[in-house]
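The values are calculated or read from the model by the stated rules, or taken from the named source; none is laboratory data. As the structure is a prediction and not an experimental result, all values here were calculated from the model. Backbone-built Cβ (ideal geometry, glycine too); neighbour counts: all protein chains shown. Please note that ligands, DNA and RNA were not included when accessible areas were found on the heavy atoms of the full protein model with its side chains. Shrake-Rupley method; radii C 1.70, N 1.55, O 1.52, S 1.80 Å.
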Amino acid sequence: MTNDQNNLTIIGCGNLNRNDDAVGVIIAQRLQQYLATYPHPHVKVYDCGTAGMEVMFKARGSKHLIVIVASSTNSEPGAIFQVPGKELEALPEPSFNLHDFRWDNAIAAGRKIFNSDFPQVVTVYLIEAANLNFGWELTQAVKHSADIVFEQIKVTIRQNIESEEIQAESSS
């Protein structure tokens, strides 16, 4: 079963119990609240937490996928990297543990399994974490970056809506 009408799927990944690792989930939850106020039937937002396999299935049938996740690359805390999904996707290593199947594995596997029914455009927002210890608070740097990414994705949602309206007008 596919989500044929989804033009844009946004997925936040991370662990709410590990401070800055939660940034993708927190942004996804904020976007869900935004869409509750300003609904759009062709934009879906999911909080996939640490369930990499969910990313693959939630993205299926969409034209454009955005993944938001914390990174740990020794860059400046709060640094935002917007990267094409093809640069980051990785086939999973053989394992008997589904916890080893991450969002980057989901992109590669989804593309391979679902072919043209998987988003051709994948954008990943990586936000550099400062603190990945146990806890429930984002650091100030990551909180600021979360606000920036939230606003950027709201612009993408509005552009998606405008694009659909133009297409609808030209086809009528």
Report summary line: Selection from the range 109-131 of residues within 20 Å of residue 28 (Cβ to Cβ) and either of a type in the set (Lys, Arg) or assigned to a strand (DSSP E or B) (or both) yields 121, 122, 123, 124, 125, 126, 127, 128
Report task. Could you tell me which of the residues 55, 45 is over 19 Å from residue 136 (Cβ atoms), in contact (Cβ under 8 Å) with a residue 40 or more places away in the chain, among the aliphatic types (A, V, I, L, M) and in contact with a helix residue (DSSP H, G or I) (Cβ under 9 Å, 6 or more places away or on another chain)? Result -> 55
Requested in this report: Within the range 35-75, track down each residue that is open to solvent by less than 60 Å² (accessible area, probe 1.4 Å), more than 20 Å from residue 7 (Cβ to Cβ) and modelled with pLDDT of 90 or more.
Outcome: 69, 70, 71, 75
**Report entry** Candidates 121, 142, filtered to the one that is of a type outside the set (Asp, Glu), open to solvent by less than 10 Å² (accessible area, probe 1.4 Å) and under 23 Å from residue 85 (Cα atoms)
**Finding:** 142
Report task. For residue 126, work out the one condition from (1) open to solvent by 90 Å² or more (accessible area, probe 1.4 Å); (2) in contact with a strand residue (DSSP E or B) (Cβ under 7 Å, 6 or more places away or on another chain); (3) not small (Gly, Ala, Ser) it doesn't fulfil. Result -> (1)
